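Here is the structure we will look at.
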Amino acid sequence: MLKKLHIKPIITLCLFVLIFACSKSDDPDPAHEEEAITLVTLEVSKVGSSETTKYNFEVEGHDHADEDHEDEEDEDHDDHDGEHTEIELEANSSYNVSMFIYNDTDPNNVENITSEIIEEKDEHQIFYAITDELSGFSITSASDDTVDSNGNPLFIKTTWTTTGETSGEVVGYLIHKPTSKTGSTRNDFGGATDFEIDFEVHVE
Amino acid sequence: MSFLSFIAELLNLKLNKCKCSRCFTVPKTAVSISLLAACFCYGQKCDLKLEGQILDLHDNSPISAALIKVLDNDQAVFSNDKGFFILKNQCSGKIKLKISHLNCEDIYQELNLNKSVFKKFYLEHHIESLEEVIVEERKIKKLSTTANAYSLSDLQKDQYSGRGLAKALEQISGVNVLSTGNVISKPMIHGMFGSRVGIIYDGVQIENQQWGQDHAPNIDQNAFEEIRLIKGAGVLKYSGDTPGGVVVLENDLPMVNDSLYGKSILSGMSNGRGFNFVSSWTRSYNSGNYFKAQAMIKRMGDFSAPKYILSNTGTDENNISLTYGKNKILSHWKANFSYFSQEIGILRSSHIGNVNDLVHAIELASPTIIRPFSHQIASPKQSNKHYTAGIQFSKRNRSNGKLNAKYSWQRNNRKEYDVRRGELNNKPSIDLTLDTHDLFSNYQWKRSNWSLDSGVFLQIQDNFSNPFTGTRRLIPDYIKTELGTYFTASLSPSNDFSLGFGFRFGHQNNHVKKYYKNKRWNDENYQDQLGAFVIKEVLSQKLVEQRLIFNNLSVNTGVKFPLTEELKFSLNIFHTERAPDIAEMFSDGLHHSLATIEYGNPFLRSETTQKLVLNFEEKIGKFTYEISPYYTRGQNYIIIEPTGIEYTIRGAFPVWEYRPVNAIIRGFDLDLSLRLSDRIELKNNSSWIEGYEKATKTPLINIPPLTTTNQILFSFSNWKSFLMSLSSKTIMRQNQFPNHNFEASVVENGKRVNKLVDISTPPKAYHLLGMELHWGPYPLNSNKISLSLIFDNVFNTSYRNYLNRLRLFADEMGRNVMLQIKIYH
């Protein structure tokens, strides 16, 4: 009687469990990284010249160790670790620099995030930290730069002004939800760093 | 008011119950049968018929010759040999019945008669052989005959009703709390946490992604009457892979009688400006049926450290649990359902972008974002839901064997929200759904001096990681199947001497489908070892399908006996084998709070540990001590630690990877108590622990520092029902820690500088004073009420806790005053 009573429901439950557990055997969908910023481009053009130079800063895990970029298209101006991207500028000149931000996780569907950042200008801030070695070099907001609702320029479009020959490092940050929209060093802005691009400026 | 009087009536009913246990002393003939008594009918209908059947509660067999007596009019009949009886000419309205039978306890029952009815009545046979069973069924079963089980008293449990299971358990020496902020906390036993600590509720282990440091157990401890803990894998019936310890949450079996009882606790907290309300009710019937309902609601706002508000640290929690069962002593079944839902805010400032942000956060004395107090919970936050449904059945046979069968289903959904761009902010970054089915059956034999317990179990677990989060999966999709068996035996040749032995074997099959990024794949040279398992390639990712099989055998043995008349001694050895967690093998993602990238290690093997626990307990007059040293040796002990820096466009991130090591963990727990008089008691509990890698002597991370708590409990002779306690807790600085500090290069004020990122150095020692005032219980109508006033961190000390993951960002909570009102219904 005991067997009759309890074995049956157990078998039924077993079957139920197995069916339930095995019903989902499809392959999982690949995750699409929507938020990721994987490519930042600086388009530099000298005022008065129609020539534009593109500098790409690609992302995704630049390991400290040497590596072979097998699925990345290597360009001359790529940001390799150790040897920073070098941006060559002429002395006593002005340059218009535009920043473009992309997510190219899916090469067939490269997303341009620039407009999204511009739209959410109140929540973002771009900041260029210029090291002291780069004397006489300055970055200011361009006349066609985006301005947030409090009148603070986003620094997505900038004017770079050079004087004498010099060289040094510049770090560009995109800061998400900064606690302050102005400052002279990265920490003044608070918030979280969305990207950090590192390059060398050579003024010759 | 009518409700209260209803309860009063029920209580009266309970009191009326006859306590005659040896009913055969009542001579049958002494009961006079009166003939139809004249009935006073004030225009009432007195032609109703009450028919019934008297049945044995335990096996439903009919009981003949039971006397059914109407107390209002002395009318009485006997039940026939099929247990049936008929009472004719009853008036409408309330009637009181007394049913008595040889060998049975009398039962009294009230009926509201308005038409002729048929009703079944259950009598409980107190046959000699059953007496023992009844006593045994009603008491809480020992978890282990040789290993010490530590339980929380009602006062200890209720005090922490709003503060989570881990914090309640922390009152036991050797238990620490590993936390992420102030709310997310998980118990750590003897330096182990997560998958190494089993939490068993209602006979099954909770499955809620317990591997993560920031994943608190999704359980409401208020739904359980008994909370007990064994420091070691001492309950092989439930788990064999938890060398840290096992926490067992259970409910008492309701008595077989007609009653309604319950408890409600309302707590208000000053820090966080919130409240917590818990209420539980049990309705039991003479037939052995019972129904239990329990619910909890909690609303807390931002907590405060002594100097600032900890912005976005509020919590909302709503839980409910329902149980319906039938307890016939010899057989018992029950079905239960519970729902747990929690939303926890995570300190806003702890969400950072990269290592440079981390350096900045560490340098600052206070969090970067401090907002006015709020009850709002914004990102970053966690939203967890846990559903449980189960059904179980047990049956005893006359030879003292007991068969149990149980099925349980758990669904855990965990959503973690990060601070994200635009619309993504409302989309979780992690969305995991874990379904677990457990099927369990065991058989117990019990004799006067030995007992055996053996069973089989099957677990099927399915994890689904929602791909629409727009982030990489932290945990891949997998199906885990575990089939196993266990056997435990205990022998007590004499009253004081116990021997125990047990084993548990589990065969585990993990069917995993995981996407690897080509970059990681190439960096780690996975092609050689995992290349054969690639089933698909998309978007520069490889989908790998693997079946990983682990066979684990855990063995326990222990002995407990008195060394002298007063000195009790026990020794337990636990050998445990634990299959690596899916997270340990396959995790892949970014942790914002520590700005770390975490990678699993797909080549891990089962972790084995041996743990030896000694326990000495002695009472010398007014003084009692208990000292419990332990030694744990782990092979393939899985730890996570930094292995390098990864540069991404977000900046630099330290990479943390899982690695197996040989580890030693040892320490002792000490509990002292001195009862100076009836009114004053002094207590101390302390624990010391150290853990290191055997080969290099490198200390293990997150090992709790030396902790000691002194407590004075006193009451006054002229104040009845009052208890006061002062407690002073000292937590020393942890001086043994692995140094995972690294340097980060930061541009600051126009200069590139190298900065030390100090993520390892433990915070300073600290001292906390607590005070508790308890009044009651006092009678309140037919209920009882008690009141507590509890002060935590009386001196409003600013401190940071080594075991809090967010310690780099903010101080711990400041002073908190809690008022608690407890009503026993």
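The values are calculated or read from the model by the stated rules, or taken from the named source; none is laboratory data. As the structure is a computational prediction, the values presented were derived from the model and not from experiment. FYI the Cβ positions are ideal-geometry reconstructions off the backbone, even for glycines, and counts take in every protein chain you see.
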Problem set entry | Test set (1) more than 10 Å from every other protein chain (Cβ to nearest Cβ); (2) out of contact with any Lys or Arg (no Cβ under 9 Å at 6 or more places or on another chain); (3) closer than 26 Å to B:Asn426 by Cβ; (4) not acidic (Asp, Glu) - B:Ile320 fails condition number | (3)
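Hey, among B:Ile582, B:Ile597, which residue is of a type in the set (Val, Ile, Thr), modelled with pLDDT under 90 and over 24 Å from B:Tyr625 (Cα atoms)? Spell out how you get there, then give the answer.
Working: B:Ile582 fails: modelled with pLDDT under 90.
Residue meeting the stated conditions: B:Ile597.
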For this session: Could you tell me which residue of the range B:61-102 is surrounded by the fewest Cβ atoms within 10 Å (Cβ to Cβ), considering only residues that are touching a residue at least 24 places away in the same chain (Cβ under 8 Å) and among the small types (Gly, Ala, Ser)?
Result: B:Ala65
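So if I check each of B:Lys395, B:Lys402, B:Lys385, which one is of a type in the set (Lys, Arg), modelled with pLDDT of 95 or more, out of contact with any Cys (no Cβ under 9 Å at 6 or more places or on another chain) and in a strand (DSSP E or B)? First the steps, then the outcome.
On the way: B:Lys395 fails: modelled with pLDDT of 95 or more; B:Lys402 fails: modelled with pLDDT of 95 or more.
Testing whether each residue is of a type in the set (Lys, Arg), modelled with pLDDT of 95 or more, out of contact with any Cys (no Cβ under 9 Å at 6 or more places or on another chain) and in a strand (DSSP E or B) leaves just B:Lys385.
I need the strands (runs of 3 or more DSSP E) fully contained in the range B:533-629, keeping only those with at least 2 residues that are closer than 30 Å to B:Ile759 by Cα and within 27 Å of the chain's Cα centre (by Cα). Step through it out loud before you land on a result.
Working: elements: B:534-538, B:541-562, B:567-578, B:588-591, B:596-599, B:607-620.
Where strands (runs of 3 or more DSSP E) fall fully within the range B:533-629 and carry at least 2 residues being closer than 30 Å to B:Ile759 by Cα and within 27 Å of the chain's Cα centre (by Cα), they are B:607-620.
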For this session: Scan the range B:184-223 residue by residue and report those that are crowded, with 24+ Cβ neighbours inside 10 Å, of a type in the set (A, V, I, L, M) and more than 19 Å from B:Arg578 (Cα to Cα).
Result: B:Ile184, B:Ala216, B:Ala223
Problem set entry | Tally, over the range A:93-110, of residues that are within 12 Å of chain B (Cβ to nearest Cβ) and either buried (at least 18 other Cβ atoms within 10 Å of the Cβ) or modelled with pLDDT of 90 or more (or both) | 5
Problem set entry | Looking only at the range B:242-283, and only at residues there that are in a strand (DSSP E or B) and under 17 Å from the mean Cα position of the chain (by Cα), the one that is nearest to B:Leu57 (Cα to Cα) | B:Glu250
Problem set entry | Cβ pairs under 8 Å, 6+ apart, first in the range B:533-554 and within 14 Å of chain A (Cβ to nearest Cβ), second among the aliphatic types (A, V, I, L, M) and not in a strand (DSSP E or B) | B:Val544/B:Leu530; B:Gln546/B:Leu530
Exercise. Looking at B:Asn425, is it touching a Leu at 6+ places or on another chain (Cβ under 7 Å), touching a residue at least 40 places away in the same chain (Cβ under 8 Å) and within 12 Å of chain A (Cβ to nearest Cβ)?
Worked result: no
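In this structure, does A:Phe155 turn out to be closer than 28 Å to A:Thr53 by Cα and under 20 Å from the mean Cα position of the chain (by Cα)? Steps first, please.
Working: closer than 28 Å to A:Thr53 by Cα: yes; under 20 Å from the mean Cα position of the chain (by Cα): yes.
It is true that A:Phe155 is closer than 28 Å to A:Thr53 by Cα and under 20 Å from the mean Cα position of the chain (by Cα).
Just checking, does the range A:28-46 include any residue being more than 28 Å from B:Gly353 (Cα to Cα), modelled with pLDDT under 85 and within 13 Å of chain B (Cβ to nearest Cβ)?
Looking only at the range A:28-46, we keep the residues that are more than 28 Å from B:Gly353 (Cα to Cα), and these are A:28, A:45-46.
Adding the requirement that they be modelled with pLDDT under 85 leaves A:28.
When the remaining residues are screened for being within 13 Å of chain B (Cβ to nearest Cβ), the result is A:28.
Within the range A:28-46, one or more residues are more than 28 Å from B:Gly353 (Cα to Cα), modelled with pLDDT under 85 and within 13 Å of chain B (Cβ to nearest Cβ).
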Exercise. Which of the residues spanning the range B:467-501 are surrounded by 21 or more Cβ atoms within 10 Å (Cβ to Cβ), more than 11 Å from chain A (Cβ to nearest Cβ) and among the aromatic types (Phe, Trp, Tyr)?
Worked result: B:Tyr486
Exercise. Are any residues in the range B:463-480 outside any loop (DSSP other than H, G, I, E, B), in contact with a strand residue (DSSP E or B) (Cβ under 7 Å, 6 or more places away or on another chain) and over 16 Å from B:Ile549 (Cα atoms), and if so, which ones?
Worked result: B:Asn463, B:Phe464, B:Ser465, B:Thr469, B:Asp477
Seminar exercise, completed: Given the conditions (1) farther than 17 Å from A:Thr114 by Cα; (2) within 14 Å of chain B (Cβ to nearest Cβ), every one holds for A:Ile197 apart from (1)
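Just the residues that are more than 14 Å from B:Asp523 (Cα to Cα) and in a strand (DSSP E or B), please, taken from the range B:644-656.
At the first step, the residues of the range B:644-656 found to be more than 14 Å from B:Asp523 (Cα to Cα) are B:648-654, B:656.
Residues satisfying the conditions are B:Thr648, B:Gly651, B:Ala652, B:Phe653, B:Pro654, B:Trp656.
I'd like to verify a number: residues in the range B:397-410 that are within 11 Å of chain A (Cβ to nearest Cβ) and in contact (Cβ under 8 Å) with a residue 24 or more places away in the chain, how many? If you could, list the steps in order and put the result at the bottom.
Pass one, the range B:397-410, residues within 11 Å of chain A (Cβ to nearest Cβ): B:397, B:401, B:403-409.
Filter once more, keeping what is in contact (Cβ under 8 Å) with a residue 24 or more places away in the chain: B:401, B:403-409.
Qualifying residue count for the region: 8.
Quick check, is B:Arg650 touching a Gly at 6+ places or on another chain (Cβ under 9 Å), of a type in the set (Lys, Arg) and within 30 Å of A:Asp194 (Cα to Cα)?
On the way: touching a Gly at 6+ places or on another chain (Cβ under 9 Å): yes; of a type in the set (Lys, Arg): yes; within 30 Å of A:Asp194 (Cα to Cα): yes.
Considered against the rule, which asks whether it is touching a Gly at 6+ places or on another chain (Cβ under 9 Å), of a type in the set (Lys, Arg) and within 30 Å of A:Asp194 (Cα to Cα), B:Arg650 comes out as yes.
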Problem set entry | Sole residue being out of contact with any Phe, Trp or Tyr (no Cβ under 7 Å at 6 or more places or on another chain) and either at positive phi or surrounded by 16 or more Cβ atoms within 10 Å (Cβ to Cβ) (or both), chosen from B:Asn783, B:Asn801, B:Asn754 | B:Asn801
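Restricting the search to the range B:446-491, which residues are charged (D, E, K, R) and at pLDDT below 90?
Initially, the range B:446-491 is screened for residues charged (D, E, K, R), giving B:446-447, B:453, B:462, B:472-473, B:477, B:480, B:482.
Selection gives B:Lys446, B:Arg447, B:Arg472, B:Arg473.
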Seminar exercise, completed: Residues of the range B:428-464 being among the polar types (S, T, N, Q), farther than 27 Å from B:Ala405 by Cβ, surrounded by fewer than 21 Cβ atoms within 10 Å (Cβ to Cβ) and facing chain A (nearest Cβ under 10 Å), in sequence order, are none
